[in-house]
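Working notes for the structure below.
The values are calculated or read from the model by the stated rules, or taken from the named source; none is laboratory data. Small disclaimer: the values here were computed from a predicted structure and weren't measured. Because the Cβ atoms are built from the backbone with ideal geometry, glycine has one as well, and the counts that use them run over all protein chains shown. To get the accessible areas, we keep the full protein, side chains included, count just its heavy atoms, and leave off ligands, DNA and RNA. Shrake-Rupley method; radii C 1.70, N 1.55, O 1.52, S 1.80 Å.
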Amino acid sequence: MGEPALAQREEKILLSVIVPCFNEEAVLRETNQRLIGILSDLPDLDFEMIYVDDGSRDATLSILKEIQSRDKRIRVVSFSRNFGHQIAVTAGLEHASGDAAVLIDADLQDPPDVIGQMLDRWRHGADVAYGLRQEREGETAFKLWTAKAFYRVINRLSEVRIPLDTGDFRLMDRKVVDALLSMPERDRFVRGLVAWAGFRQEAVSYRRAARFAGTTKYPLAKMVRFALDGILSFSFVPLRLATWMGLSAGALAVLGILYALVLRLLTNIWVPGWTLLFIALLFFGGVQLVFLGVIGEYLGRVYGEVKRRPLYLVKERLGFVEAPRVRDGQAHESRA
């Protein structure tokens with residue numbers, strides 16, 4: 001990073017803080033109060049806060065309207081329905097105007113005071129400062145184990161190294177945000193896309209707290225789907241595994257043919273063998289069905305891409321003075 005860039009970062013900057021929300025009525029006021037307090041104390045900083053309501057079914061949107069009416073630094077984007085956490089993050093980035101952007105969830109598990117440390121890394125030349133979880137309170141042993149296993153599996157399968165034990169909590173320079181927004185895929189795995197983009201990335205260690213209130217928005221089914229999105233978006237290994245299994249099955253079939261010929265030509269035992277045949281049919285039939293499913297997962301993602309539907313639909317925007325910076329065709333205001 002050259003000296004002019006560093007000097008420019010010493011000036012007062014605009015920071016966009018993006019907070020995706022889904023049924024967060026129990027914690028939202030506390031989250032807003034803590035964020036405002038911490039951001040207001042940071043020197044040489046103007047900020048905007050962009051809350052993205054991901055189709056909440058509780059009073060989340062009403063609370064957002066209330067706090068936005070009292071503070072013009074707050075912006076609200078309300079979806080027409082629930083589109084998912086990663087899409088909400090993307091919408092926040094598309095609406096951000098800052099020189100840098102911070103992603104943070106509304107549940108206060110990621111402490112807002114770490115934003116100051118991330119800003120220090122950014123001012124000293126880092127393009128991405130991502131949160132590295134040293135401890136995780138309030139989570140089950142099963143979730144902790146599966147999270148650790150997921151990052152290690154995906155790094156084994158993918159050519160892109162994703163930092164271990166991280167989430168979406170991070171600060172990104174404007175050029176990194178623009179790079180992310182140039183990636184049009186629909187099954188989004190934001191932390192993987194940031195790793196793929198490159199640039200200078202540095203870790204900021206912190207202790208993750210338990211949820212301040214409310215319940216997790218990632219039950220087991222969503223966790224599995226999220227893990228599949230990460231693996232299938234950044235690895236062709238499952239498809240290659242299908243090829244290797246096919247070659248192995250072919251080799252076993254050749255051995256089986258040779259075995260059958262030897263029995264037929266050199267011995268009198270050539271009628272028996274139905275058990276082996278039965279087991280072989282079940283095995284190869286199961287393998288074929290499994291990898292048809294793998295191919296179907298990839299094909300389904302291709303089908304989703306070619307339809308070219310917008311990533312999300314916006315029901316309402318609040319607090320935006322100028323037109324938001326969104327990609328063509330990716331956000332449509334509801335006329336209802």
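In terms of its alpha-carbon gyration tensor, region 64-113 comes out rounded; the largest-to-smallest axis ratio a/c stays below the 1.5 threshold. In plain terms, the chain from Arg81 to Phe199 could stretch by 39.1 nm, reckoned as 0.36 nm per residue minus the Cα-Cα distance. Once the C-beta distance of Phe284 and Lys72 is scaled by a Förster radius of 45 Å, the resulting FRET efficiency is 0.10 to the nearest 0.05. Once backbone amide H atoms are built at 1.01 Å from N, Val17 has Glu48, Met49, Ile50, Val102 as its partners under 5 Å, excluding neighbours fewer than 5 places away on the same chain. With a ≥ b ≥ c taken as the square roots of the eigenvalues of the C-alpha gyration tensor of region 3-89, please select rounded if a/c is under 1.5 and otherwise prolate if a/b is larger than b/c or oblate if it is not? Here region 3-89 falls in the prolate category.
Among the protein heavy atoms, those of Arg208 account for about 20 Å² of accessible surface (1.4 Å probe, every chain in place). Once the Cβ-Cβ distance of Ser248 and Arg57 is raised to the sixth power relative to R0 = 41 Å, the FRET efficiency obtained is 0.25. Residue separation of Glu30 and Tyr298 scaled by 0.36 nm, minus their Cα-Cα distance, works out to 92.4 nm of gained length.
Shape call for region 48-143 from the C-alpha gyration tensor, a ≥ b ≥ c root eigenvalues: rounded (a/c under 1.5), prolate (a/b greater than b/c) or oblate? Cα axes put region 48-143 in the oblate bin. Each residue of region 182-188 was assigned a 3J(HN,Hα) from its phi angle through the Karplus curve 6.51 cos²θ - 1.76 cosθ + 1.60 (θ = phi - 60°); the sequence is 7, 9, x, 5, 9, 7, 8 Hz, with glycine and proline shown as x. Between Arg317 and Arg161, the simple label model (points 7 Å from Cα in the Cβ direction) yields a spacing of 3.9 nm. Sorted on the mean count of surrounding Cβ atoms within 10 Å across their residues, most packed first, peptides 166-175, 101-110, 41-50 read 101-110, 166-175, 41-50.
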